[in-house]
Amino acid sequence: MKRILAVIPFVVEDDLRQRHEAALNKAASPGTVVRAVSLTTGPAPMDYEKPGFRHADAEVAELVERLQPEFDAAFINCFEDPGLTEARRVAHIPVAGPLETAVFLARSMGERFMLVSPDPNGEGGYRRAIEAHGAGALYSAFLPVDFEVGGDNDHESAVETLSSVIRRGRAEHQANLAVLACTDFLTLHADIVKRVGGCVIEPATTAVRALELQLDMQAKRAGAAA
């Protein structure tokens, strides 16, 4: 049994946390259990666009440090990977970031890719992260989409909006590979793929699969050393 902690770095309603947890467990491999937790104090998703917003990096790291005895691995359930560096400093379990793992996957595929994001002002930060992870030459376009993070978005409308943006990006930027630059798109991913086909990377489940692989490799090494 693999136990993976998903840290939502915001204060969110319990129904949103439960939706994320259910979707992550549905996407995980058999034998993996994902538990999603959120901050009890700190920023809410609605605070994201306010002037001077800052992620609660220290609170994320504290949560990982406190809960890690119950888990085999953890990841930050936000595309910006807030608190990832801080969490890794205090963790003795593997800690993944969705942006980092999604970009590494895109780079390994060797295809031009676009980011589809609900943050119209986020390209600069994402571009710097993509460059830092060695995928700058493959980055093709940043496509903002109308979506309320943490809000009560209509599922069908959100799926069609994102699908339309991906189709447009493929036509205009010759980038077949799309990266969903928000883990709140998690519950929309399967229906988006049905609409647009091709490869659409969802970063939260990508982080879960990367951690599953890492844990399998650790188990094999431990078995070989025994």
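Annotations for the structure displayed:
- The lone exception for Arg209 - which of (1) at pLDDT below 95; (2) not in a loop (DSSP other than H, G, I, E, B) it fails: (1)
- Restricting attention to segment 27-60, the residues that are surrounded by 14 or more Cβ atoms within 10 Å (Cβ to Cβ), touching a strand residue (DSSP E or B) at 6+ places or on another chain (Cβ under 9 Å) and of a type in the set (Ser, Thr, Tyr) add up to 2.
- The set of residues in segment 134-164 that are more than 25 Å from Asp47 (Cβ to Cβ), hydrophobic (A, V, I, L, M, F, W, C) and buried (at least 16 other Cβ atoms within 10 Å of the Cβ) comprises Ala135, Leu138, Ala141, Val159.
- When segment 1-23 is filtered for residues that are free of Cβ contacts under 8 Å to residues at least 60 places away in the same chain and closer than 21 Å to Ala190 by Cα, the ones remaining, listed by number, are Asp15, Arg17, Gln18, Glu21, Ala22.
- Remark: pairs (first residue in segment 129-151, in contact (Cβ under 8 Å) with a residue 60 or more places away in the chain and closer than 19 Å to Pro82 by Cα; second residue open to solvent by 50 Å² or more (accessible area, probe 1.4 Å) and of a type outside the set (Val, Ile, Thr); Cβ separation under 7 Å; 6+ apart in sequence or on different chains) = Val149/Tyr48; Gly150/Met46.
- Residue match in segment 185-197 (condition: under 24 Å from Asn77 (Cβ atoms), of a type in the set (A, V, I, L, M, F, W, C), outside any helix (DSSP H, G or I) and open to solvent by less than 50 Å² (accessible area, probe 1.4 Å)): no
The values are calculated or read from the model by the stated rules, or taken from the named source; none is laboratory data. It should be emphasised that the depicted structure is a prediction, and the values quoted were computed from it without experimental measurement. Please note: Cβ atoms are built from the backbone with ideal geometry, for glycine as well, and neighbour counts cover all protein chains shown. Quick note on the areas: whole protein, heavy atoms, side chains included, nothing else; ligands and nucleic acids left out. Shrake-Rupley method; radii C 1.70, N 1.55, O 1.52, S 1.80 Å.
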